[in-house]
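Note sheet for the following structure.
The values are calculated or read from the model by the stated rules, or taken from the named source; none is laboratory data. The shown structure was predicted, so the numbers you read here are calculated from the model rather than taken from an experiment. Ideal geometry is used to build each Cβ from the backbone, glycine not excepted, and the neighbour counts take in all protein chains shown. Protein only, heavy atoms only, side chains kept; ligands, DNA and RNA dropped before computing areas. Shrake-Rupley method; radii C 1.70, N 1.55, O 1.52, S 1.80 Å.
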Amino acid sequence: ERLPELSAGYTFNLESSNNTENISIPIIDINGDTLKDSSAAATYKTNDMKNVFSLEEKQQFANGIDYCVRYQFLWEDDFSKYVKESDKNKRSGLQHQVSAWLGFKIGKIVRNKVSVRAAKQDRVEDSLNGLSYKFSDDARFTLIPRKLSLNVKGEYFKRVDNKFNTTINTKRDEITQMAGAEAEVKYSFTPRLSATALGRYEQNYDTETITDNYTIPIFGLHVTYLF
């Protein structure tokens, strides 16, 4: 019952559809000069194949400690019949992802779960090489059994994409990061009636889209009645 549990998985997905794209056709006079560009609709067939391989190990010990480690590999192959030759294989790419979490408890008072995740992505479109990671912690405290509890969460995410920018014709790093902290207090008046107060602070930063940069506090209060 307390031995490690191993599992492996594979998923295959194939998508195929017909699409339409507007292309520019130059109009040339008898002297070979371009008069203007005309727009025309061209149809092409999309074929996208995805392969996902996964391997996972998890175990739960008698003292309340449990853990899980997972590795996932994504292989995407794009063999669509694009109108533009430069779009060939643009959605093809590879991604490696490793995630793990560790949980423990102290009696019936504290339950805590620490999670980490790291991913490496390479794709043809934009010649992108991306690296991301995330850390999070979720702790639950039972202050008064069956009456008062406190849940505290924290997370940090960062992604660095090094990709080709067609505007300046060079590769550049684009950074996205997010940090958040949250506290939730729940009080149960009766087994059916409870009230919860929530407070969260979140900050997001993105070098590519300035409109996605924000710092925001969030507050909430709700009452639950079961009947």
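A few comments on the model shown:
- Complete set of residues in the range 63-112 that are open to solvent by less than 40 Å² (accessible area, probe 1.4 Å) and of a type in the set (Val, Ile, Thr): VAL110
- Count of the range 172-185 residues, restricted to those that are small (Gly, Ala, Ser) and either buried (at least 16 other Cβ atoms within 10 Å of the Cβ) or not in a strand (DSSP E or B) (or both), is 2.
- Qualifying residue in the range 186-196 (condition: surrounded by 13 or more Cβ atoms within 10 Å (Cβ to Cβ) and within 27 Å of LEU74 (Cα to Cα)): no
- Residue in the range 89-106 that is among the aliphatic types (A, V, I, L, M), out of contact with any Gly (no Cβ under 6 Å at 6 or more places or on another chain), at negative phi and modelled with pLDDT under 90 present: no
- Subset of the range 190-227 [among the aromatic types (Phe, Trp, Tyr) and at pLDDT below 95]: TYR205, TYR214, PHE227
- Residues satisfying the stated conditions in the range 94-128, i.e. touching a strand residue (DSSP E or B) at 6+ places or on another chain (Cβ under 7 Å) and farther than 30 Å from TYR67 by Cβ: ARG123, VAL124, ASP126, SER127, LEU128
- VAL160 satisfies every condition listed in (1) over 30 Å from ASP126 (Cα atoms); (2) touching a Leu at 6+ places or on another chain (Cβ under 8 Å); (3) surrounded by 13 or more Cβ atoms within 10 Å (Cβ to Cβ) except (1).
- Single residue of SER92, SER86 found to be without any contact (Cβ under 8 Å) to a residue 24 or more places away in the chain and more than 15 Å from the chain's Cα centre (by Cα): SER86
- Residues being closer than 30 Å to LEU128 by Cβ and touching a helix residue (DSSP H, G or I) at 6+ places or on another chain (Cβ under 7 Å) are represented in the range 199-216 by at least one member.
- Checking LEU131, LEU150 one by one, the residue that is among the aliphatic types (A, V, I, L, M), open to solvent by 70 Å² or more (accessible area, probe 1.4 Å) and either without any contact (Cβ under 8 Å) to a residue 40 or more places away in the chain or in a strand (DSSP E or B) (or both) is LEU131 and no other.
- Residues satisfying the stated conditions in the range 113-128, i.e. surrounded by fewer than 16 Cβ atoms within 10 Å (Cβ to Cβ), assigned to a strand (DSSP E or B) and small (Gly, Ala, Ser): ALA118
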